[in-house]
Amino acid sequence: MKIPSSQWDMFEGKIQQLTQDEDFLIQPYVKEVAEVGEYSLLFFNGEFSHAVLKTPASGDFRVQHYFGGAIKSITPGSNMRKAAKTLVDQFASDSLYARVDGVEINGEFYLMELELIEPYLFLDSNPSAITNYKNALIQRLG
């Protein structure tokens with residue numbers, strides 16, 4: 001649901017009621033998600049593995065496939081990769097996997113979410129993804 005900040009008062013009571021039964025995440029609307037999409041960069045044992053661009057269906061802002069969004073394997077630019085790696089090094093240096101979700105605005109990568117607990121890893125999006133994950137598991141367990 002997209003709520004204009006100017007109309008927050010109209011929805012505040014309903015949102016308060018909903019949060020009594022369930023947790024919610026509220027994020028600011030970022031137009032780049034609707035216009036370009038959201039990037040997901042995957043890291044295994046702190047090393048970059050693969051990346052995807054999640055784009056919304058025409059006229060929507062939600063990138064999830066169950067809302068009509070599409071997922072495409074990409075090769076991120078070096079600046080995006082470096083920014084994501086910095087976040088992984090700072091906050092998830094000892095994690096088996098980490099997914100860095102964000103947008104690019106004027107050439108700069110902005111973090112939307114750092115997924116460390118049960119993220120979808122897009123293992124079917126890139127031919128080397130499963131091998132990279134398998135090798136990370138072997139490295140960690142071996």
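Considering ILE71, ILE117, the condition of being of a type in the set (A, V, I, L, M), out of contact with any Asp or Glu (no Cβ under 6 Å at 6 or more places or on another chain) and part of a loop (DSSP other than H, G, I, E, B) is satisfied by ILE117 alone. Per this entry, ALA70 is not counted among residues that are modelled with pLDDT under 95, under 15 Å from MET112 (Cα atoms), of a type outside the set (S, T, N, Q) and surrounded by fewer than 21 Cβ atoms within 10 Å (Cβ to Cβ).
If only residues of segment 87-99 that are touching a helix residue (DSSP H, G or I) at 6+ places or on another chain (Cβ under 8 Å) and part of a strand (DSSP E or B) are counted, the one that is nearest to ARG140 (Cα to Cα) is TYR97.
Taking the conditions exactly as written (part of a helix (DSSP H, G or I), of a type in the set (S, T, N, Q) and open to solvent by 80 Å² or more (accessible area, probe 1.4 Å)), does ASN132 satisfy them or not?
Here the answer is no, as ASN132 does not meet what is asked.
Among the residues that make up segment 35-57, is at least one of them surrounded by 12 or more Cβ atoms within 10 Å (Cβ to Cβ), touching a residue at least 60 places away in the same chain (Cβ under 8 Å), on the phi < 0 side of the Ramachandran plot and not in a strand (DSSP E or B)? Yes, some residue in segment 35-57 is surrounded by 12 or more Cβ atoms within 10 Å (Cβ to Cβ), touching a residue at least 60 places away in the same chain (Cβ under 8 Å), on the phi < 0 side of the Ramachandran plot and not in a strand (DSSP E or B). Residues in segment 90-118 that are more than 12 Å from PHE44 (Cβ to Cβ) and open to solvent by less than 30 Å² (accessible area, probe 1.4 Å): VAL100, ASP101, GLY102, VAL103, PHE109. Within segment 55-70, does at least one residue satisfy the condition of being of a type in the set (Val, Ile, Thr) and within 23 Å of ASN135 (Cβ to Cβ)? Looking for residues that are of a type in the set (Val, Ile, Thr) and within 23 Å of ASN135 (Cβ to Cβ), one finds none in segment 55-70, hence no.
When the residues of segment 20-34 are narrowed to those that are of a type in the set (A, V, I, L, M, F, W, C) and open to solvent by less than 100 Å² (accessible area, probe 1.4 Å), which ends up farthest from VAL88 (Cα to Cα)?
ALA34
The residues of segment 23-54 that are of a type in the set (Ser, Thr, Tyr), within 22 Å of THR131 (Cβ to Cβ) and over 12 Å from the mean Cα position of the chain (by Cα) amount to a single one, SER49. Filtered by the rule that a residue be within 18 Å of PHE67 (Cα to Cα) and open to solvent by 70 Å² or more (accessible area, probe 1.4 Å), segment 1-19 gives MET1, LYS2. The single condition among (1) surrounded by fewer than 19 Cβ atoms within 10 Å (Cβ to Cβ); (2) small (Gly, Ala, Ser); (3) not in a strand (DSSP E or B) that ALA84 does not meet is (1).
The values are calculated or read from the model by the stated rules, or taken from the named source; none is laboratory data. Everything numeric here is computed off the predicted structure, so don't read it as measured data. Cβ atoms come from the backbone with ideal geometry, glycine included; neighbour counts cover every protein chain shown. Heavy atoms of the whole protein, side chains included, go into the accessibility calculation; ligands, DNA and RNA do not. Shrake-Rupley method; radii C 1.70, N 1.55, O 1.52, S 1.80 Å.
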